[in-house]
2 protein chains.
Amino acid sequence: MRFRYLGLLPVILFTGTVCLAQTNQITSVEDFKPASSNQPGKQYPQVNSEGLVRASISAPQAQKVQLDIGGVRYDLVKDDKGVWTGDSRPQDEGFHYYQLNIDGAQVPDPGSMFFYGASRWGSGIEIPAKDQEFYALKNVPHGQVRENLYFSEITQAWRRCFVYTPPDYDKNVSYRYPVLYLQHGMGEDETGWPVQGKTNLILDNLIAEKKAVPMIIVMDKGYASKPNQAQNPAGPSRGSGGISTFEEVLINEIIPMIDVTYRTLTDRGHRAMAGLSMGANQTIQITMNNLDRFAYIGGFSGTSNFPNTTEIDPVTFMNGKFKDGEALNRQIKVFWLGLGTKEPDPFPGSVGAFRAMLDKQGIKYVYYESQGTAHEWLTWRRDLFQFAQLLFK
Amino acid sequence: MRFRYLGLLPVILFTGTVCLAQTNQITSVEDFKPASSNQPGKQYPQVNSEGLVRASISAPQAQKVQLDIGGVRYDLVKDDKGVWTGDSRPQDEGFHYYQLNIDGAQVPDPGSMFFYGASRWGSGIEIPAKDQEFYALKNVPHGQVRENLYFSEITQAWRRCFVYTPPDYDKNVSYRYPVLYLQHGMGEDETGWPVQGKTNLILDNLIAEKKAVPMIIVMDKGYASKPNQAQNPAGPSRGSGGISTFEEVLINEIIPMIDVTYRTLTDRGHRAMAGLSMGANQTIQITMNNLDRFAYIGGFSGTSNFPNTTEIDPVTFMNGKFKDGEALNRQIKVFWLGLGTKEPDPFPGSVGAFRAMLDKQGIKYVYYESQGTAHEWLTWRRDLFQFAQLLFK
């Protein structure tokens, strides 16, 4: 929740300053269309070419109805039929969680599809992005997204992961594939990457253009706790270099299960891990603890020193895992970090301090900036698009 | 929508008569627990051992908040913190769609998971059933549910289907499997069977007990329209024996796509079709038009004479497809019909007239009654559980 809340603040400040005219609905362009993220046949919410969101709902007896998006609540106005309608200020390109507030009740908008984020299933909306073609559904060969159920002995609980298999997986039955383990952020779950993340479409398009090699992508839930262990998603290892329960589950249960169930390449050179925000923190912890198992590391909008922004001492940080830069450069094929240009504190400072440590240690890494996006899904779709092109080559 | 609406009426009448005491909340048993269909960590809605549903939502400024379930709206009562809470009368065992009404706005309950039915994504709730073990998540080998995207040339649109593959599918790579095509009802879509229907769990359990043979199950969307053709889910063939666009898509696109993508047995003896309500109507139309392709037919809560309840003339009905009972008995391995004992008009009369026609023609069929359930998902889960045990043997 904390990640999400922090992520929304700069959107408020930015749009509040630049786009004040739109709040009076004087200059809004009347080219609103139903959002692509709407339920089938639903006319609202709508989006216009300026990125304004127009919400509308029938609530004849309500006293006050608001659209709650980007951390701002916008009052809707009632017409003589009891239908409330109103616009937000311009939103960033990409995907945003939002909700309606009806006389104090926070509820999903019945016009939108529902997504798991901010620790709830609720409304989300797509603002068309200039580069949306890279995650569009196109006439290219498509892979599958498969739901897998498995029992975790470590946590004594059933777990679920989604697995993307590339288009030719069921045809090339003697071929084995490299694997990317791809993790969501705090308040999200294993549905984040296959749904909001559009992982399958991004990879289908990249593979069709031969920009990425066919790979399997495993999207599991980043939470794990043992029986009678308090639920703590980041685990005991947060920033300490220790072993979290999720790391135990991933290393000892998920990877072996995937390697038995799918035709994988099981050496470290064909295994990658990446994650966003909390998932980036987990990725760096887990890969650095297990460099015998991973050769590719992707941190999207997060690093393992979060939320600290102070200088990192490589001697003590994560038990000295980053002390020997030369050795790491030999072992790690790609160390990749990404950040949106509109991300809020502490992300720029935290990722910046981590980069400064990598620079100081002479550790090679790729750094990517997503232009005009905050701590949200368009940043992470772009991260995956960039990162996937560097894998297993 | 019409199917769904009709389906709820008898529930109202029944519970209104028998359980009047509960409406005054005098005798309700205070053993309420969060529903199994709730979002992670959400305390409401709750269900007690009598099947009462207790809804609760914070809406401090609201004038009136209602729980809308089973076609009845129950007033909730506000406490001094602005939280509204209240109970329904006892609901049938099984799964029900429902919603909240806040000062006239019909919205999903933010405590529940969301399901597609009644032509919208919205709230649903599980009332524990005495026989719920047959669709429980158990420690047995689990198959996968796979999302497949494909382009339909006939409709010039992208379509999606979910495909259940049995537990051993990726291990027995030289084995080929029979296929059941399984269709949802009006106002539902391709998510109905994999989510509300619990198809994967029902089959995983049956296969583990060796009560069903391992099979592939294809769950596609039962709507199809050509460019510039008006959207008409049931198509032009409703009751006429003609060819609907969905039939064209299923026969000419979906089945060939499945037979290329999966290791299927492609003869008629290894292909079944079943569906619920509108999907039952479609199943009977399509299988009878294509007996060279299907040997097993399942009609759950529906037949192709719907909504008629009058005597069927086999000479004219569906272009005489049922005229030669002896020939049909040789061709059809299992003709299966199911109905809930609490289903509303016109289902009992309509299915009854269809059965009378089968009897008159000497056509063998299996008839199953789901005890104490209406035109809802527990009826159809039970239907699948029964029907699947008779397939491909």
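Yes/no per residue for (1) of a type in the set (Val, Ile, Thr); (2) modelled with pLDDT under 95; (3) part of a helix (DSSP H, G or I):
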{"site": "A:207", "(1), (2), (3)": "yes, no, yes"}
{"site": "A:218", "(1), (2), (3)": "yes, no, no"}
{"site": "A:237", "(1), (2), (3)": "no, yes, no"}
{"site": "A:243", "(1), (2), (3)": "yes, yes, no"}
{"site": "A:253", "(1), (2), (3)": "no, no, yes"}
{"site": "A:258", "(1), (2), (3)": "yes, no, yes"}
{"site": "A:266", "(1), (2), (3)": "yes, no, no"}
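Which residue is least open to solvent (accessible area, probe 1.4 Å), if the candidates are limited to region A:67-110 and must be of a type in the set (Ser, Thr, Tyr), in contact with a Leu (Cβ under 8 Å, 6 or more places away or on another chain) and within 14 Å of chain B (Cβ to nearest Cβ)?
As a first pass, look at region A:67-110 and keep what is of a type in the set (Ser, Thr, Tyr): A:74, A:85, A:88, A:97-98.
This time we only want the ones that are in contact with a Leu (Cβ under 8 Å, 6 or more places away or on another chain), so: A:74, A:85, A:88, A:98.
Now restrict to residues that are within 14 Å of chain B (Cβ to nearest Cβ): A:85, A:98.
Numbers: A:85: 45, A:98: 5 Å².
If we take residues in region A:67-110 being of a type in the set (Ser, Thr, Tyr), in contact with a Leu (Cβ under 8 Å, 6 or more places away or on another chain) and within 14 Å of chain B (Cβ to nearest Cβ), then A:98 is least open to solvent (accessible area, probe 1.4 Å).
What's the number of the only condition in (1) modelled with pLDDT of 95 or more; (2) of a type in the set (Asp, Glu); (3) open to solvent by 40 Å² or more (accessible area, probe 1.4 Å) that residue B:126 fails to meet?
That leaves (3) as the condition not met.
When the residues of region A:163-185 are narrowed to those that are in a strand (DSSP E or B) and more than 9 Å from chain B (Cβ to nearest Cβ), which ends up farthest from residue B:174 (Cα to Cα)? Even if it seems obvious, please write down each step before you answer.
Initially, region A:163-185 is screened for residues in a strand (DSSP E or B), giving A:163-165, A:177, A:179-183.
Next, only the ones that are more than 9 Å from chain B (Cβ to nearest Cβ) stay: A:164, A:177, A:179-183.
Details: A:164: 23, A:177: 20, A:179: 24, A:180: 28, A:181: 29, A:182: 31, A:183: 34 Å.
Applying the filter and picking the extreme gives A:183.
Which of the residues spanning region B:105-138 are out of contact with any strand residue (DSSP E or B) (no Cβ under 6 Å at 6 or more places or on another chain), in a loop (DSSP other than H, G, I, E, B) and without any contact (Cβ under 8 Å) to a residue 40 or more places away in the chain?
Result: B:130, single match.
Show the residue pairs that are 6+ apart or on different chains and have beta-carbon atoms under 7 Å apart, the first residue being within region B:91-104 and closer than 14 Å to residue B:370 by Cα, the second being modelled with pLDDT under 95.
Listed by first residue and then by second, the contacts come to B:92/B:11.
Could you count how many residues in region A:137-159 are charged (D, E, K, R), more than 10 Å from chain B (Cβ to nearest Cβ) and surrounded by fewer than 19 Cβ atoms within 10 Å (Cβ to Cβ)?
Taking region A:137-159 as the starting set, the residues that turn out to be charged (D, E, K, R) are A:138, A:146-147, A:153, A:159.
Narrowing further to those that are more than 10 Å from chain B (Cβ to nearest Cβ): A:153, A:159.
Those left that are additionally surrounded by fewer than 19 Cβ atoms within 10 Å (Cβ to Cβ): A:153.
The number of residues fulfilling the criteria is 1.
Scan region A:327-339 and tell me whether some residue there is in a helix (DSSP H, G or I), open to solvent by less than 40 Å² (accessible area, probe 1.4 Å) and assigned by TED's automatic domain parsing to the domain that holds residue A:295. Working first, answer last.
Kept after step one, since they are in a helix (DSSP H, G or I), are these residues of region A:327-339: A:327-331.
Going one step further and asking which of them are open to solvent by less than 40 Å² (accessible area, probe 1.4 Å), we end up with A:327-328.
Narrowing the set further to residues that are assigned by TED's automatic domain parsing to the domain that holds residue A:295 leaves A:327-328.
Yes, some residue in region A:327-339 is in a helix (DSSP H, G or I), open to solvent by less than 40 Å² (accessible area, probe 1.4 Å) and assigned by TED's automatic domain parsing to the domain that holds residue A:295.
In the list A:134, A:115, which residue meets the criterion of being away from chain B (no Cβ under 12 Å), open to solvent by 10 Å² or more (accessible area, probe 1.4 Å) and not polar (S, T, N, Q)?
Working: A:115 fails: away from chain B (no Cβ under 12 Å).
So the residue among A:134, A:115 that is away from chain B (no Cβ under 12 Å), open to solvent by 10 Å² or more (accessible area, probe 1.4 Å) and not polar (S, T, N, Q) is A:134.
Which numbered condition in (1) within 14 Å of chain A (Cβ to nearest Cβ); (2) out of contact with any Lys or Arg (no Cβ under 7 Å at 6 or more places or on another chain); (3) part of a helix (DSSP H, G or I); (4) open to solvent by less than 10 Å² (accessible area, probe 1.4 Å) is the only one that residue B:202 fails?
For residue B:202, the failing item is (2).
Residues that are of a type outside the set (S, T, N, Q), open to solvent by 20 Å² or more (accessible area, probe 1.4 Å) and modelled with pLDDT of 50 or more: does region B:10-26 have at least one?
yes
For region A:340-393, which residues satisfy the criterion of being of a type in the set (Ser, Thr, Tyr) and either at pLDDT below 95 or assigned to a loop (DSSP other than H, G, I, E, B) (or both)?
As a first pass, look at region A:340-393 and keep what is of a type in the set (Ser, Thr, Tyr): A:341, A:350, A:365, A:367-368, A:370, A:373, A:379.
Within region A:340-393, A:341, A:365, A:373 meet the criteria.
Can you tell me how many residues in region B:204-222 are on the phi > 0 side of the Ramachandran plot and among the aliphatic types (A, V, I, L, M)?
So the answer is 0.
One residue is enough: does region A:55-63 have a residue meeting the conditions touching a residue at least 24 places away in the same chain (Cβ under 8 Å), facing chain B (nearest Cβ under 10 Å) and open to solvent by 20 Å² or more (accessible area, probe 1.4 Å)? Step through it out loud before you land on a result.
Taking region A:55-63 and keeping what is touching a residue at least 24 places away in the same chain (Cβ under 8 Å), we get A:55-59, A:62-63.
Now narrow it down to the ones that are facing chain B (nearest Cβ under 10 Å): A:57-59, A:62-63.
Now drop any that are not open to solvent by 20 Å² or more (accessible area, probe 1.4 Å), which leaves A:58, A:63.
Among the residues of region A:55-63, at least one is touching a residue at least 24 places away in the same chain (Cβ under 8 Å), facing chain B (nearest Cβ under 10 Å) and open to solvent by 20 Å² or more (accessible area, probe 1.4 Å), which makes the answer yes.
Is one or more of the residues making up region A:300-312 touching a strand residue (DSSP E or B) at 6+ places or on another chain (Cβ under 8 Å), outside any loop (DSSP other than H, G, I, E, B), modelled with pLDDT of 95 or more and more than 22 Å from residue A:117 (Cβ to Cβ)?
No: region A:300-312 contains no residue that is touching a strand residue (DSSP E or B) at 6+ places or on another chain (Cβ under 8 Å), outside any loop (DSSP other than H, G, I, E, B), modelled with pLDDT of 95 or more and more than 22 Å from residue A:117 (Cβ to Cβ).
If we keep just the residues of region B:37-54 that are assigned to a strand (DSSP E or B) and in contact (Cβ under 8 Å) with a residue 40 or more places away in the chain, which is nearest to residue B:88 (Cα to Cα)?
The initial filter retains those residues of region B:37-54 that are assigned to a strand (DSSP E or B), namely B:38, B:46-47, B:53-54.
Next, from what is left, pick out any that are in contact (Cβ under 8 Å) with a residue 40 or more places away in the chain: B:38, B:47, B:53.
Values: B:38: 17, B:47: 10, B:53: 5 Å.
Taking the candidates together, the pick is B:53.
When region A:115-127 is examined, which residues are found to be within 12 Å of residue A:95 (Cα to Cα) and of a type outside the set (Gly, Ala, Ser)? Break it down stepwise before answering.
First pass over region A:115-127, keeping only residues within 12 Å of residue A:95 (Cα to Cα): A:115, A:117, A:123-127.
Correct list: A:115, A:125, A:126, A:127.
The values are calculated or read from the model by the stated rules, or taken from the named source; none is laboratory data. All figures in this text were calculated on a predicted structure; none of them were measured in a lab. Please note: Cβ atoms are built from the backbone with ideal geometry, for glycine as well, and neighbour counts cover all protein chains shown. For accessibility, only protein heavy atoms count, side chains too; no ligands or nucleic acids. Shrake-Rupley method; radii C 1.70, N 1.55, O 1.52, S 1.80 Å.
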